[in-house]
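The values are calculated or read from the model by the stated rules, or taken from the named source; none is laboratory data. The model shown is predicted, which means the values in this text are computed figures rather than measured ones. Because the Cβ atoms are built from the backbone with ideal geometry, glycine has one as well, and the counts that use them run over all protein chains shown. Areas reflect the complete protein model, heavy atoms only, side chains present, ligands, DNA and RNA absent. Shrake-Rupley method; radii C 1.70, N 1.55, O 1.52, S 1.80 Å.
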Amino acid sequence: MILTVTLNPAIDKILILNGFEIHKLHRLDSREMSMTVPGGKGVNIALNLSALGDETIATGFAGGHEGHLLCDSLRQSGVTTSFIFTEGSTRTNTSILDLQHETLTEINDFGQEIPEDDLVFLLESYERLLNRVDMVVLAGSLPKGVIEDVYRQMIIMAQGHGINVVLHTAPKYIDPLIDSGPFLINPDMRSYHRFMGRPLDGIDAFLQAGREIISYQKNTEFVIFTHRIENVVAVTRKQSYIMRPRDLKIVNMLGYADAYLAGFIHAYRQNLPTADVLRYASAAGLTNIEVLYKEIRDTDQIEANLQRIDVEEVS
Amino acid sequence: MKRVKDFIYKDILSVNENSDLRRVIITMKRHRVCAIPVVNQLGEYIGCISEQDILNASVPQYMKSMYNTSFMADLDHIIGHLHDILDKKAFEFTDSSYPTVTPNDSMSYAADLLFRSKKTALPVLEGKMLIGLITRIEILTVSLNGNKLS
């Protein structure tokens, strides 16, 4: 059983249309699409894991009508929910994908403010859930009112139960958490190219940063940079890997890293060799971005895409 | 035969036995449920608290003794008394004999249990762990897909 924690989830309002312009009234036609789906990194990972057949519990904060919509949709997808409801409402994130101009416009709401007693209630619930899971995913941003140290507390609590933690969030949250030694670190660097307090880009820089972390943190086994999709860099204790997908046909980048991590977790739990786990993760990410939906629906396609991932081993 | 495991409402939100009554009521209101499972520190299920359990506890003792007369409970007294017990722990109000089902029970059994006990939802337990609920609407919607219970 896997536990995903999404402290700042969202309802994703996704509009897929042709010829998006500001100052213009758009009426969707039958070739276009509007989707209202559960969102937030941890929630996306839970949806993907459920599609892959892995039993998953999703927790975090939810609230209002949107919070109930979020939980209902997750349960319909087979995910067990254990969200703490707050007074405020779950935020709505809006994405406009323009197929004609190949642009993606995103507006992310900041979400509700969390009072301290709700955070205490969530941490109590989290500690209990640790008794029934064998992997924890902490993903996404922190809502207002939540102290930055909460992820550290959650990592330490999970480690106390001998549970591996996958951490996927923005560098500003990860930087102070590196020394707590999460099992897997995946910085979300799509819009921010600094990590570990310095500008970071390119294969060599990623390899260097990953090796630095692994050499100091005995609990960290994987540092993975997924945002440069043509060269995904994974650093492990023994060696490093660069994954390159062939003949990319990007349709929708939304949810790429979430699908990648779900693929990783799914394959890792089957005790596959590391190179195969990473290949599967990349194939899951690739499968996700070549269709409109932000989560994987056709899991058979992952198997078919395995051969399109070139894995280079770097010592 | 229809089994509980195929109809579970997979929500496992619960309160800790040491949560206070204030938190129990807040959680029930925000979560829109009339009864909530109570678990211990290890996450093991120990019972449920329903709105009725809290109402019962809210009526001051001296009022209960007058139930058999034409006496009508005074709302001010009930609210005042409820206010006084808000800091008490959840386990004091927990109904440990609340009916439960297991994933392998038949839906007929669950329906019968819900009907007889007049509860709104039954916790589904795997060992001591809560894995979800069977609610009245799960029972009622079985028939919508052309199914029969047994």
field: Estimated dipole of the protein assembly as shown in Debye, rounded to 20 [Cβ of Lys and Arg +1, of Asp and Glu -1, Cα centre]
entry: 620 debye
message: At 222 nm, what value in deg cm²/dmol follows for the protein assembly as shown if DSSP H runs of at least 4 each add -39500 (n - 2.57) and the sum is divided by all its residues, to the nearest 500?
response: -10000 deg cm²/dmol
message: I need to check one value: relative contact order of chain B, counting alpha carbon pairs closer than 8 Å and at least 6 residues apart, in percent.
response: 33 percent
statement: Log entry, pair B-A: total buried accessible area, probe 1.4 Å, protein chains only, in Å² rounded to 100, is 2000 Å²
field: Phi to ³J(HN,Hα) by Karplus 6.51 cos²θ - 1.76 cosθ + 1.60 over the range A:8-14, Hz, x for Gly, Pro
entry: 10, x, 7, 8, 8, 9, 10
- request: For peptide B:114-126, compute the average count of partner chain beta-carbon atoms within 10 Å of each residue's beta-carbon.
  value: 0
- prompt: Accessible surface of B:Cys34 in the full protein assembly, 1.4 angstrom probe, to the nearest 10 Å²?
  reply: 60 Å²
query: Could you give the distance between the Cα centres of the range A:146-178 and the range A:187-246, to the whole Å?
result: 18 Å
message: For a test of the definition: using alpha carbon positions, the gyration tensor, and the 1.5 limit on a/c, classify the range A:30-96 as rounded, prolate or oblate.
response: oblate
- prompt: Can you give the relative contact order of chain A as a percent, counting alpha carbon pairs under 8 Å and 6+ residues apart?
  reply: 15 percent
- request: Could you order A:Leu3, A:Leu104 by accessible surface area, starting with the largest, using a probe radius of 1.4 Å?
  value: A:Leu104, A:Leu3
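Could you rank B:His31, B:His83 by how accessible they are, 1.4 Å probe, largest area first? Walk me through the numbers on the way to the answer.
Working: B:His31 20, B:His83 120 Å².
The residues order as B:His83, B:His31, largest area first.
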- prompt: What's the carbon and sulfur percent of the protein assembly as shown's accessible surface, probe 1.4 angstrom, rounded to a whole number?
  reply: 51 percent
query: How far is the Cα center of the range B:1-62 from the Cα center of the range B:125-141, in Å?
result: 13 Å
query: Size of the dipole of the range B:4-145 about the Cα centre, Lys and Arg at +1 and Asp and Glu at -1 on the beta carbon, nothing else charged, in debye to 20?
result: 220 debye
Options A:Phe195, A:Val136, A:Val166, ranked by Cα towards positive dipole end of the range A:113-200, top entry (Cβ charges): A:Phe195
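Looking at the range A:11-85, which GluC sites (Glu not before Pro) are in a loop (DSSP not H, G, I, E or B) and have at most 10 other Cβ atoms within 10 Å?
On the way: sites: A:Glu21, A:Glu32, A:Glu55, A:Glu66; in loops: A:Glu21, A:Glu32, A:Glu55.
Answer by residue number: A:Glu21.
Check each of the chymotrypsin sites (Phe, Trp or Tyr not before Pro) in the range B:70-148 and keep only those in coil by DSSP with at most 13 other C-beta atoms within 10 angstrom; list them in order.
In loop regions of the range B:70-148 (DSSP not H, G, I, E or B), the sparsely surrounded chymotrypsin sites (Phe, Trp or Tyr not before Pro) are B:Phe71.
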- line: The alpha-carbon pair-distance distribution computed for chain A, with 20 angstrom bins and whole-percent values, is 34, 60, 6
message: Can you give the log10 of the normalised intensity I(q)/I(0) at q = 0.09, 0.14 Å⁻¹, computed with Debye over equal Cα scatterers of the range B:4-145?
response: -0.32, -0.70
query: For labels at B:Ile54 and B:Glu126 in the simple 7 Å Cα→Cβ model, what's the distance in nm?
result: 3.0 nm
query: Accessible area drop of at least 10 Å² (1.4 Å probe, protein heavy atoms): which residues of the range A:109-131 qualify, relative to the chain alone?
result: A:Asp117, A:Asp118, A:Phe121, A:Glu124, A:Arg128, A:Asn131
message: Greater than 21 Å separation of Cα atoms is the criterion. Which listed pairs, A:Lys41/A:Lys249; B:Lys5/B:Lys119; A:Lys13/B:Lys29, meet it?
response: A:Lys41/A:Lys249; A:Lys13/B:Lys29
- prompt: Using bins 10 angstrom wide from zero, how does P(r) for the range A:231-307 break down, in % of all Cα pairs?
  reply: 21, 57, 21, 2
- prompt: Within 10 Å of each Cβ of B:3-14, how many other protein chain Cβ atoms are there on average?
  reply: 4
- request: Beyond 18 Å, what share of the Cα-Cα pairs of the range A:1-138 is found? Please give it as a whole percent.
  value: 58 percent
In the range A:74-124, chymotrypsin sites (Phe, Trp or Tyr not before Pro) in a DSSP loop with at most 12 other beta-carbon atoms within 10 Å: A:Phe110
